[in-house]
Amino acid sequence: MRRTTLGPISSSQLNARSSLAPTASSRASYDEYHIYKPAQMRQSVGPSTANPSRRVSNSVGTSIPGSRVGRSSVSTKNIRSSVSSASRLSSGAAGGRRSSTFSAGNRASSISTRNGVRQDPRPVTDKGFVNASIHQLLEFLSAKQYDAILSSKLLKGPTKKEACNILQFLFRQIDFNYAFEGKLEEEIALFFKILRYPFPMTKTSMVTVAPHSWPPLLASITWIIELLNYDETVENANRIEEMDEENGDKAFLEYLNQAYRAFLSGEDEKYRMLEQQLANQIDSKNQIIRDEYAQLISTKEELLQSIEQAKTAKSSLPSLNVRKADYTSDLEKFKKLIAQLENLKESVLRKNDDGAVELNAKKNELVTLQNAIQSLRVKIGNQKISADDVQRMVQERHRLQELVQQTEQRQRDLQSENWRLETDLVEEMDQLEAQVKRYGQLAMQLKLLPSMAKNAHGVNYELELDMHVGKVDAAVYLSNHLRKHIRPALSNLRKNRIDRLNVALDEASQLEQETQKSGEVASIELQGVQGVEMKIRKVDDTLRREKETCDAISKQHTATTEDVELRIASILNEADLTAEELQSRQLLEEAQNRSIAMCESYENLVEKYRHGFTNALMASNSHKEEIERGVQTYATEIKDFWQFN
């Protein structure tokens, strides 16, 4: 029995969905796959294929009828296959030419015309178009991580090598294994021909990249970039569709379609099979998600461990720096030790050479002795020897063997003693070199070195010590130089220093006595200054009292003058007495003159005492400072002398 539908479905029933129904995006995908909308489909710029529909497989392995119209585009995979097959054809065969592997059914250019070649409608030589193309090229090369450094200024007039590198980089975006073979202009023209570039590309324009040939080539490069960008957009769209398929909406709608068809046709087994396939698919996706989640958790734990290790390493950085400093100091010590060992090695090698010479002499002597022994053996063989003679010879041989052993032991003891003496000699030489170095430093401080120094006086105080050069002669020369030149010169220098020290001590004692005397004089002068200050204070008091007296007298004179003026005024008012008026005016002028003279004399006296007191203080201070400077100078000289001696 065949099941039938439940009746027409209204729009409200279509909008309502249960908990098991797909989401709104699923319904949109269902409409997209089951409703044919030719007006809304994106078509290619080239001719479409003969079959307007294509078969799309769902996740359960069934086909969806009535799928969307297929999209025709220039795929990078097709171009790569065409380029890799066509660009490797040999161009050296007689009468042969490279040809494209595109068949007649491949995509044709939408720009070409039936009449053949046409002119490029783009403003190729326009400055704005060139700048825009350069900007687009720079953006593309930067996005694709081009390994050379380019700029807008460089791309306005590039060299042929730079243009070929850019074209090869773009061609490798289409064919990873592409490389120029043969003539570059033929390779480039063939590649553009394979790509169906709609405008002519002459080989002569690509021989040299000149200002007139660069804009068309730049336009063709821009065309390749647009082609690659379009192909990348198509691949991204396909990738998004595949991701939508993986999200489950499309698979669920396909399952719903097939299950509903099986339900209507009464195929329960097929329905259960579809349901089981959907469940298995969901379980497999869930398992993949669980595996990815577990992998992410393990990656997270590894990253956390790496972070902890990095923190631990950071905390141990100071200790590592300390260890590095220790290792550096040890390295310097080892370098010094290696230098010493190298010197010792050289001395040992020299001794080895001397020993080899001595060994050769001993070998020659041994050969001579062996020849003598052989001749003696011949003589002994010719002689008749008794048993007593043999016994005596055996005893003599034992005695000689013991003597040889004793001699060898003595030789080993002497070698050990020689090694010990050499070691002691090296240590003493090191100490002697240190003393010589200290001697040189002291001589530099005393200005005895070099020979033109201040205190050298033409004597060569320099000591040169090298245990490997000169040997005995150098030691004898050094001893004679010390005994005959340096030691007498140093004795004279010490004697001169002692004499100068005695003179300095005498001068210091004299200066000390003078200092004491100056101190006494200064104390006396200080007492005198204090007495002068007391006198000045007394004079100030006297002057103050006299000034007060003068002020009182002046006030009295002022009062008298006022009385006189009043009297004069009253007299003038009473009568015209000329004689009395003149007398009163004279008295007034005399009183004023006496007051002014008295004030000036007092001020001169105060200024005189103040000036004398200031001069006395300045003289005392300057004398005291001069004495202190002299004492400090002699003390410094004495200290330097004792420091150098």
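Worth a mention:
- Within the range 528-548, the presence of a residue that is more than 25 Å from MET598 (Cβ to Cβ) and either in contact with a Gly (Cβ under 7 Å, 6 or more places away or on another chain) or not assigned by TED's automatic domain parsing to the domain that holds GLU637 (or both) is excluded.
- Residue count for the range 464-503 under the criterion of being of a type outside the set (Gly, Ala, Ser) and at pLDDT 75 or above: the result is 21.
- Among the residues examined, SER319 qualifies as surrounded by fewer than 10 Cβ atoms within 10 Å (Cβ to Cβ) and assigned to a helix (DSSP H, G or I).
- Qualifying residue in the range 187-196 (condition: of a type in the set (Phe, Trp, Tyr), in a helix (DSSP H, G or I) and closer than 22 Å to HIS135 by Cβ): no
- Residues of the range 413-452 that turn out to be within 19 Å of LYS345 (Cβ to Cβ), surrounded by 12 or more Cβ atoms within 10 Å (Cβ to Cβ) and among the hydroxyl-bearing types (Ser, Thr, Tyr), as a count: 0
- Within the range 519-577, the only residue that satisfies the criterion of being basic (Lys, Arg), closer than 17 Å to LEU587 by Cβ and either modelled with pLDDT under 80 or surrounded by 15 or more Cβ atoms within 10 Å (Cβ to Cβ) (or both) is ARG567.
- Just one of the listed residues (LEU317, LEU359, LEU366) is under 60 Å from the mean Cα position of the chain (by Cα) and not polar (S, T, N, Q), and it is LEU317.
- ALA262, sole failed condition from (1) surrounded by fewer than 17 Cβ atoms within 10 Å (Cβ to Cβ); (2) touching a helix residue (DSSP H, G or I) at 6+ places or on another chain (Cβ under 6 Å): (1)
The values are calculated or read from the model by the stated rules, or taken from the named source; none is laboratory data. All of these numbers come straight from a predicted model, not from anything done at the bench. Don't worry about glycine lacking a Cβ; one is built from the backbone with ideal geometry, like all the others, and counts go over all protein chains shown.
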